[in-house]
Amino acid sequence: MSGVRVLVGTRKGAFILTADAKRSRWHVSGPHFAGWEIYHMKGSPADPNRLYASQTSGWFGQVIQRSSDGGKTWETPGGGVTMVPGEGPKGESNKFVYDVSSQTGKPLTTHQWYDGTQHPWEFKRVWHLEPSPTDPDTVYAGVEDAALFRSSDGGATWQELAGLRGHGTGPQWQPGAGGMCLHTILIDPTNPQRLYIAISAAGAFRSDDGGQTWRPINRGLRSQYIPEPTAEVGHCVHRLALHPSRPNVLFMQKHWDVMRSDDGGDSWREISGNLPTDFGFVIDVHAHEPETVYVVPIKSDSEHYPPEGKLRVFRSRSGGLGNDWEALTKGLPQRDCYVNVLRDAMCVDTLDPCGVYFGTTGGQVYASADGGDSWAPIVRDLPAVLSVEVQALP
Amino acid sequence: MIRIVLPAHLRTLARVTDEVTIDVPVAVPLTRAALLDALEARYPMLRGTIRDHLTAQRRPFLRFFACTRDLTHEPADALLPGAVASGEEPFLVVGAIAGG
């Protein structure tokens, strides 16, 4: 591998950070899409130069951006300037329309609103873009209000996989404080028909037929903030992660509780163990050690900052089973630190040693080139970081 | 030739640096709907950013001004001022003040 490219989405634009394989000297490019919220930006595993970005604004709505040269230039897929009206691109790359067709969009459901009444689905933004492992033109989008869309033409047009909203529990889903978002999409690398997604606040769901049909996978979760703590849906799952070599082993950072499943989500057990708090947003797995897991504990759901003002990544080398969470502090602020690390803002690279990255709401992006043993900021003063992804470059 | 002034973020998205000019067929009465239809046909990347894709409703934080008048709440099929139709005055798409 020649180096890495870190894709950072922030409240006010996107930044691309590049380094060689040592990951010690960085070049910073950006802001791209200055002034817009970039909820997520991710590269295609099948073509590292193909990037997708979710660009959003309270004024102008959703825009999808695509790059075919590693982020040097960008385009709105299928939305270029039309010199002859009626004969050019349709400009539908930002058109996310819920499927209400009788063929695929039924049953048509509503979801639960803050006041307990039923509320129609209303598209707000794309939280997460997950490119296909094999096809650069196929990409999934997790959106708010929670639904899953797929594009097979490089983001030019989008179709909802409506079986998720329509499978039966949709009326019980409800928005969390951040909105009702579908924020996690995992594709089983050994079986592209198997997809996992997670929704705040509905829970985790699995499809075994490429996204056509879905079922909740929340057995074993316990959430005190819902009337029935062990209900089938209603859990505020913050993030899921898996290791490519063991796609049946899932790790979850829930609103409270860090969880593990060894059966593809059919059942879960808590692995919070000796963590100082089990609230948090991010969770990820070491690229070469499938039982090495990382989290960033956050004090509580009402105090979104690290406990004791100490920014600490915690690492377990036993997949959370050994009560062995160790604090990784070298190079991280250990006093007066009150930032948050949001759910899409941690990632790992596939170099050896494994690199680990995370971004904060204070605008820092930290990198570790030694599996978390030591850390250094790549940048310190970006806008609040919403997402961090990394690509190992050939 | 109709003149349209876009907010900065939409100028960037449309890859223009100044006000844009568009043609609307002479036979079509110049309403806001006709003007935005022509704008979006010329600049497809703007679809969905000013009006909702399906309902064609104005996005809530945008305003429409022309000839020192606030036309935001005028019906979409109301005729625009003659000075806009003649190109004498621009039609302004304005982002609402964010406060703070």
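State which residue is nearest to A:Thr76 (Cα to Cα) when the search covers only segment B:83-96 and only residues that are part of a loop (DSSP other than H, G, I, E, B) and away from every other protein chain (no Cβ under 11 Å). Only one residue fits best here, namely B:Pro90.
Taking the numbered list (1) crowded, with 19+ Cβ neighbours inside 10 Å; (2) within 17 Å of the chain's Cα centre (by Cα) in turn, A:Pro244 passes all entries but (1). Applying the condition of being in contact with a Phe, Trp or Tyr (Cβ under 9 Å, 6 or more places away or on another chain) and more than 13 Å from chain A (Cβ to nearest Cβ) to segment B:3-29 and asking which residue is surrounded by the fewest Cβ atoms within 10 Å (Cβ to Cβ) yields B:Val5.
A quick yes/no check of all residues on (1) loosely packed, with under 14 Cβ neighbours inside 10 Å; (2) aliphatic (A, V, I, L, M); (3) assigned to a strand (DSSP E or B); (4) free of Cβ contacts under 8 Å to residues at least 60 places away in the same chain:
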site	(1), (2), (3), (4)
A:Asp99	no, no, no, no
A:Ser102	yes, no, no, yes
A:Lys106	yes, no, no, no
A:Gly116	yes, no, no, yes
A:Pro136	no, no, no, no
A:Phe149	no, no, yes, yes
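The set of residues from segment A:27-43 being surrounded by fewer than 24 Cβ atoms within 10 Å (Cβ to Cβ) and not in a strand (DSSP E or B) comprises A:Ala34, A:Gly35. Is segment B:71-82 home to any residue that is under 26 Å from A:Ala156 (Cβ atoms) and not in a strand (DSSP E or B)? The answer is no; no qualifying residue exists.
Contact map, segment A:339-350: residues that are over 24 Å from A:Ala177 (Cβ atoms) paired with residues that are of a type in the set (S, T, N, Q), Cβ distance under 8 Å, separation 6+ or inter-chain. Pairs shown: A:Asp349/A:Gln391.
Among the residues of segment B:59-81, those that are in contact with an Asp or Glu (Cβ under 8 Å, 6 or more places away or on another chain) and without any contact (Cβ under 8 Å) to a residue 24 or more places away in the chain comprise B:Arg59, B:Cys67, B:Pro81. Looking across segment B:67-80, the residues that are away from chain A (no Cβ under 14 Å) and surrounded by 13 or more Cβ atoms within 10 Å (Cβ to Cβ) come down to B:Cys67, B:Leu71, B:Glu74, B:Ala76, B:Leu79, B:Leu80.
Taking the conditions (1) crowded, with 21+ Cβ neighbours inside 10 Å; (2) more than 20 Å from A:Pro131 (Cα to Cα) in turn, A:Tyr196 satisfies each one other than (2).
Hey, can you tell me all the residues within segment B:6-48 that are of a type in the set (A, V, I, L, M), in a loop (DSSP other than H, G, I, E, B) and over 10 Å from the mean Cα position of the chain (by Cα)?
Within segment B:6-48, the first condition is being of a type in the set (A, V, I, L, M), and the residues that meet it are B:6, B:8, B:10, B:13-14, B:16, B:20, B:22, B:24, B:26-28, B:30, B:33-36, B:38-39, B:41, B:45-46.
Add one more test, that the residue is in a loop (DSSP other than H, G, I, E, B), and what stays is B:6, B:16, B:24, B:26-28, B:30.
Hits for segment B:6-48 are B:Val16, B:Val24, B:Val26, B:Ala27, B:Val28, B:Leu30.
Return the residue satisfying two criteria in turn: it lies in segment B:54-66 and is in a loop (DSSP other than H, G, I, E, B) and in contact with a strand residue (DSSP E or B) (Cβ under 9 Å, 6 or more places away or on another chain), and of such residues it is surrounded by the fewest Cβ atoms within 10 Å (Cβ to Cβ). Here the residue is B:Gln57.
Residues checked against (1) outside any loop (DSSP other than H, G, I, E, B); (2) at negative phi; (3) within 14 Å of the chain's Cα centre (by Cα):
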residue: A:Gln174; (1), (2), (3): no, yes, no
residue: A:Thr184; (1), (2), (3): yes, yes, yes
residue: A:Pro189; (1), (2), (3): no, yes, no
residue: A:Gly211; (1), (2), (3): no, no, no
residue: A:Arg219; (1), (2), (3): no, yes, no
residue: A:Gln224; (1), (2), (3): no, yes, no
residue: A:Asn248; (1), (2), (3): yes, yes, no
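Within segment B:35-65, the set of residues being more than 12 Å from chain A (Cβ to nearest Cβ) and either at pLDDT 95 or above or at negative phi (or both) comprises B:Leu35, B:Leu36, B:Phe64, B:Phe65. Residue count for segment A:291-311 satisfying the condition of being not hydroxyl-bearing (Ser, Thr, Tyr) and not in a loop (DSSP other than H, G, I, E, B): 7.
The values are calculated or read from the model by the stated rules, or taken from the named source; none is laboratory data. Owing to the predicted nature of the structure, the values given are computational and were not obtained by experimental measurement. Here the Cβ is made from the backbone with ideal geometry for all residues, glycine too, and neighbour counts use every protein chain on show.
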